[in-house]
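This report concerns only the one structure given below.
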Amino acid sequence: MTKKIYIQLFLIFFLIFISFFIFFKYFKKSSFEEKAKANLEQTPNAGESLIEDLKYLSTDKKGNKYEIEATKGNIDKNNPDIIYLENVRAIIFLHNSDLISIRSNFAKYNTRSFDTLFNDSILVNYEEHVLKSDFLDLSFENNLVSLYENVRYLSGISSLKADKAEIDILNKKTKIFMEDPSKKVQINNIPTDGNN
């Protein structure tokens, strides 16, 4: 009788193992960041279109302008609307407002929608504010700049560390928060020179 129980237990564990294997192999989706890293770290292969010192300009109906420059660009061979950029500088000129400046080492730029996914050493400047992160997603459809992974915010008097920051492009309201509501944004005061 114990032999029969051992065989049944073995079969149950074997089925559980097979189920986990199938789930992780075929059904579990990799995270967005992993896909973005893989896309942004593409290197040009022989025969692909490599462009040097490129610049794109666009203007919307409201008079807002978007300018993006890069030292190198590689057109995606499967989707010619996508260009992988290196050493990127972008500026958003908002009608009747200040500009938003973005710098990064890499970006994935959609020439049709102008949406851009920036990667690696992101630096955002607007007015007196400075934001840094590992990733930045610029969506013109949603009028939103989303920074995530290692987000740091610097102003003249304090610095913040958080999981995510969002900037509404039209009204330039910034929201800085943690993904897990039980965690708190870390705030540090920047020491002054003592003359205040």
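Over region 118-193, all Cα pairs binned in 5 Å intervals from 0 give whole-percent P(r) values of 3, 15, 26, 26, 18, 8, 3, 1, 0, listed from short to long. Please grab the % of Cα pairs in region 34-189 that end up more than 26 Å from each other. Above the 26 Å cut-off, region 34-189 has 28 percent of its Cα pairs.
Which chymotrypsin sites (Phe, Trp or Tyr not before Pro) in region 114-196 sit in a loop by DSSP (not H, G, I, E or B) and have at most 15 other Cβ atoms within 10 Å of their own Cβ?
On the way: sites: PHE114, PHE118, TYR126, PHE135, PHE140, TYR148, TYR153, PHE177; in loops: PHE114, PHE140.
Within region 114-196, no chymotrypsin sites (Phe, Trp or Tyr not before Pro) qualify (loop, at most 15 other Cβ atoms within 10 Å).
Amide H to amide H, with H built 1.01 Å from N, VAL151 comes under 5 Å of ALA162, counting only residues 5 or more places away or on other chains. Sparse packing (at most 14 other Cβ atoms within 10 Å of the Cβ) combined with a DSSP loop state is found for the following GluC sites (Glu not before Pro) in region 112-185: GLU127, GLU128, GLU141, GLU179.
Here, each number is a calculation from the coordinates, and none is a lab measurement. From a predicted model like this one, the values you see are computed outputs, not experimental measurements. Every residue, glycine among them, receives a Cβ derived from its backbone with ideal geometry; neighbour counts consider all protein chains shown.
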